[in-house]
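First comes the structure, then the notes that go with it.
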């Protein structure tokens, strides 16, 4: 009885190992690599689509909250539109200041090199 049990256990282990080796060898073939890459790219596409859908949903929510029309033309829909215009103007001023600072820094560093 004991020998029969060990024989069955050894046979099962051999079958399992053979199946694992066969799968590993198949995954290293051209077709196996193609299947694996196709799966990864499909997963990346699904992730990209989900992120895009979430971004669109959030953008729509923010636009409705701030009173901006969906096409982004800047026409007012509600009381939040004035705040949006003020924030956009402040952002432009900050960008202009940063550009001026960067230009001044570059000119100063060039003078130091001369």
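Inspection of region 54-71 finds a residue satisfying the criterion of being modelled with pLDDT under 95, loosely packed, with under 10 Cβ neighbours inside 10 Å and not in a helix (DSSP H, G or I). Of all positions in region 14-27, none carries a residue that is at pLDDT 85 or above and outside any helix (DSSP H, G or I).
The values are calculated or read from the model by the stated rules, or taken from the named source; none is laboratory data. Note that the coordinates shown come from a computational prediction; the quantities given were computed from them, not determined experimentally. Virtual Cβ from ideal backbone geometry, glycine too; neighbours counted across all protein chains shown.
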